[in-house]
Amino acid sequence: MKPRIHVITLAVADLDRALAFYRDGLGFRTEGLIGTEFTGDEKTPDGATAVFHLDGGLMLSVYARSDLAKDASVPLAPAKPGEFSIGHVVASRAGVDEVISQARAAGATVTEAPHDRPWGIYSGYFQDPDGHLWEIIWNPALDL
């Protein structure tokens with residue numbers, strides 16, 4: 001396996017709410033809901049998802065929690081915020097503050113206000129409406 005990632009899929013409770021948060025609130029590019037013509041049943045997942053096209057070719061997908069569990073053949077479990085975070089690096093301290101403010105205005109919960117970290121970065125955290133944790137980071141050692 002080559003060390004790379006092409007798609008990150010987040011399990012969500014409400015697909016329309018997640019679409020609105022990422023598209024309308026954060027401005028992520030998407031074609032909207034796709035795969036709606038594929039309806040599932042008790043064992044087969046629905047196909048409805050939304051895919052957001054990020055810089056660098058990475059895609060962020062949101063998929064109903066119950067359908068992701070069916071698709072992967074794993075037990076449906078409640079969300080567990082804090083198991084991982086998604087990092088978004090920006091070019092300045094002000095950029096961290098701007099993204100955190102934008103996320104808050106879109107309905108995110110800010111869990112840790114931006115501040116200087118002992119290891120030399122400036123960052124803050126928010127959770128999307130499904131509890132997925134995002135860290136917004138400015139690292140002066142990176143030239144963006």
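The values are calculated or read from the model by the stated rules, or taken from the named source; none is laboratory data. Small disclaimer: the values here were computed from a predicted structure and weren't measured. Cβ placement follows ideal geometry from the backbone for every residue including glycine, while neighbour counts extend to all protein chains displayed.
Taking D67 as the residue in question, decide whether it is in the same structural domain as A11 (by TED's automatic domain parsing), in a loop (DSSP other than H, G, I, E, B) and touching a residue at least 12 places away in the same chain (Cβ under 8 Å).
On the way: in the same structural domain as A11 (by TED's automatic domain parsing): yes; in a loop (DSSP other than H, G, I, E, B): no; touching a residue at least 12 places away in the same chain (Cβ under 8 Å): yes.
Answer is no for this residue.
Identify all residues within segment 20-39 that are outside any loop (DSSP other than H, G, I, E, B) and either touching a Leu at 6+ places or on another chain (Cβ under 9 Å) or charged (D, E, K, R) (or both); write none if there are none.
Y22, R23, D24, R29, T30, E31, G32, L33
Since V51 meets every condition but one in (1) surrounded by 15 or more Cβ atoms within 10 Å (Cβ to Cβ); (2) closer than 16 Å to W134 by Cα, which condition does it not meet?
The number of the failed condition is (2).
Is it the case that G27 is modelled with pLDDT of 95 or more, surrounded by 14 or more Cβ atoms within 10 Å (Cβ to Cβ) and on the phi > 0 side of the Ramachandran plot?
So G27 fails the test.
Can you tell which of E112, E135, E98, E42 is over 25 Å from H6 (Cβ atoms) and in a strand (DSSP E or B)? Don't jump to the end; show me each part of the working.
Values: E135 fails: over 25 Å from H6 (Cβ atoms); E98 fails: in a strand (DSSP E or B); E42 fails: in a strand (DSSP E or B).
Sole residue among the options that is over 25 Å from H6 (Cβ atoms) and in a strand (DSSP E or B): E112.
Here's the yes/no breakdown for (1) under 29 Å from P78 (Cβ atoms); (2) touching a residue at least 12 places away in the same chain (Cβ under 8 Å):
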{"site": "A94", "(1), (2)": "no, no"}
{"site": "S101", "(1), (2)": "no, no"}
{"site": "E112", "(1), (2)": "yes, yes"}
{"site": "W119", "(1), (2)": "no, no"}
{"site": "Q127", "(1), (2)": "yes, yes"}
{"site": "W134", "(1), (2)": "yes, yes"}
{"site": "W138", "(1), (2)": "no, yes"}
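Hey, does segment 12-19 have a residue that's in the same structural domain as V62 (by TED's automatic domain parsing), small (G, A, S), part of a strand (DSSP E or B) and within 16 Å of Q127 (Cβ to Cβ)?
The answer is no, given that none of the residues of segment 12-19 is in the same structural domain as V62 (by TED's automatic domain parsing), small (G, A, S), part of a strand (DSSP E or B) and within 16 Å of Q127 (Cβ to Cβ).
Can you work out which of the residues in segment 115-131 that are of a type in the set (A, V, I, L, M, F, W, C) and not in a strand (DSSP E or B) is farthest from V90 (Cα to Cα)?
Restricting to residues being of a type in the set (A, V, I, L, M, F, W, C) and not in a strand (DSSP E or B), the top hit is W119.
Being surrounded by fewer than 18 Cβ atoms within 10 Å (Cβ to Cβ), in contact (Cβ under 8 Å) with a residue 60 or more places away in the chain and either in a loop (DSSP other than H, G, I, E, B) or hydroxyl-bearing (S, T, Y) (or both) is true for just one of A105, A79. Which residue is that?
Testing whether each residue is surrounded by fewer than 18 Cβ atoms within 10 Å (Cβ to Cβ), in contact (Cβ under 8 Å) with a residue 60 or more places away in the chain and either in a loop (DSSP other than H, G, I, E, B) or hydroxyl-bearing (S, T, Y) (or both) leaves just A79.
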